[in-house]
Structures are given as C-alpha cells and as structure tokens.
1. For Arg102, state whether it is under 14 Å from the mean Cα position of the chain (by Cα) and part of a helix (DSSP H, G or I).
2. Give me a count of the residues in region 107-125 that are crowded, with 19+ Cβ neighbours inside 10 Å and either of a type in the set (Gly, Ala, Ser) or in contact (Cβ under 8 Å) with a residue 40 or more places away in the chain (or both).
3. Considering region 105-128 alone, what residues qualify as being under 9 Å from the mean Cα position of the chain (by Cα) and among the acidic types (Asp, Glu)?
4. Can you find even one residue in region 192-202 that is over 25 Å from Ala106 (Cα atoms) and modelled with pLDDT of 95 or more?
5. Just give me the residues in region 74-95 being assigned to a helix (DSSP H, G or I) and either over 16 Å from the mean Cα position of the chain (by Cα) or at pLDDT below 95 (or both), in sequence order.
6. Pick from Arg25, Arg88: which is within 25 Å of Ser159 (Cα to Cα), of a type in the set (D, E, K, R) and in contact with an Asp or Glu (Cβ under 8 Å, 6 or more places away or on another chain)?
7. Scan (1) part of a helix (DSSP H, G or I); (2) touching a helix residue (DSSP H, G or I) at 6+ places or on another chain (Cβ under 7 Å); (3) under 16 Å from Leu80 (Cβ atoms) for the single condition Asp114 breaks and write down its number.
Amino acid sequence: MTENTNVSPGERLREALWGPDASARLQAALAAGTSPHPAYVAVLVERCQHEADFFVRDMLTWALTRQDRDLTVTRLLPELSSPSARARSQALHTMSKIGDRRTWPALRDDLLTDADVEVARAAWRTAAGLVPSGEEADLARKLVTQLGRGDADTQRSLSRAFAVLGDLVEPIVEAEIENADPAVGAHAAATLAIMADPETGFESAIAEAKRVVALRSAPAPGE
C-alpha cells in the first residue's frame, strides 16, 4: 500500500482493497496481515462480502487471523446474519481458521441448513471443528439431515465434517444407510467409509456405496 500520511491506516487499506486490480488488492491484504492494526479489522471484514477473487478472499481471511482475536471475532459474529451469502460463508471460513470455541453458540441451525451451499459447507466445517466435547452427537443428528445434498464436492465436505466428529457419531450416520432415499443411504455409507479411513477417495467410496444400495433395492431373482 502506498503510504499517505493524510489519511488513517484504515482509510488507506480501504482505498487499496477497493481498487480495480486484484493483484494490488492481494498485496494490500497481505500487508494488512503482515503488520496488523486494530483499524484494519472492520475494513477487512467488510471487504470479504464484496471480494469476487478467490485468492484475494483467502488472503483477507489470513489477514484477519493475524489481527487481534477478540476484536476480529466480535466483528465477524454479526456477519453470520448478513443477507449476503458471501459475507456469511467468509465469516464462517475465517472463524474456522481462528478456532475460537467461544463462537460455538453463534453457529445456528439455519447456517447448517443454509440454502446457499457455500454457506452450508463452511458451517459444517466450522461446527465440526468447534463443537464442545459432549455435543458431537447432537451436532451429528443435525448434520445427517443434509446427507444426499448437492454435488460430489458438497457431499465430500459433509463426509469430512463427520470424519472430524469421529467414532462417537458413527451409529447416527449408520442409521441413515436404510433411509428411503437412496441418495441419502449411499451418502451415509460413503461417509462411514471416509470415517473409517480418511484417506479413502470420496469418488470411489460413493460409487461403491451407490452400487451396494442399488443391489439391496433390486428385486430378488424370480420376483
């Protein structure tokens, strides 16, 4: 960022982050994270909901993780109720990186089931990482309602969230294998495979799960 002694640090950052060149915005976010300042937090959070470039958004998140934790979390929490899906997803993503468990009460059920898939995916990942000990099963019962949702990337995200929750929630996932919706049953079976071996490729796990569900649903010979 070009030094200008006539404006405040926050105003200088705002000017740089609202410029037309993505590479310049990337450098501005990098500089803000390298040399943290309380005035940067609100500007960085605000920019998150407007930034279209993935790499700049990722740098904005990194810059926020470098700021004062309490100030940053306090500024992020209202973003979870923003009408902007990008603001919600970026706030969740940043909170998952900060890892402050005090933010757990803000992870409402409506975020876990958000109509915007990027928000939901970020909420799953964040909740799995921040859930207090003893509340894993309750979270898992909410997450199983999302089994079968979306494309392969979305389903992979949910399976990974269950893998983070661990063995304790396996029975909750296993119960969904018999779900009347074959997409839900297949996703549940694939999720159990991922939980048993996180190195298992999701594509192969879901393909095998779909095959097993299809065979189970097929009529017996002679019927």
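1. no
2. The total comes to 3.
3. Within region 105-128, Glu118 is the sole residue that qualifies.
4. For region 192-202, residues over 25 Å from Ala106 (Cα atoms) and modelled with pLDDT of 95 or more: absent.
5. Just the residues of region 74-95 that are assigned to a helix (DSSP H, G or I), to begin with: 74-81, 85-95.
Within region 74-95, Thr74, Arg75, Pro78 qualify.
6. Of Arg25, Arg88, the one residue that is within 25 Å of Ser159 (Cα to Cα), of a type in the set (D, E, K, R) and in contact with an Asp or Glu (Cβ under 8 Å, 6 or more places away or on another chain) is Arg88.
7. (1)
The values are calculated or read from the model by the stated rules, or taken from the named source; none is laboratory data. These numbers were taken from a predicted model, which means no experiment stands behind them. Heads up, the Cβs are rebuilt from the backbone with ideal geometry, glycines too, and the neighbour counts pull from every protein chain shown.
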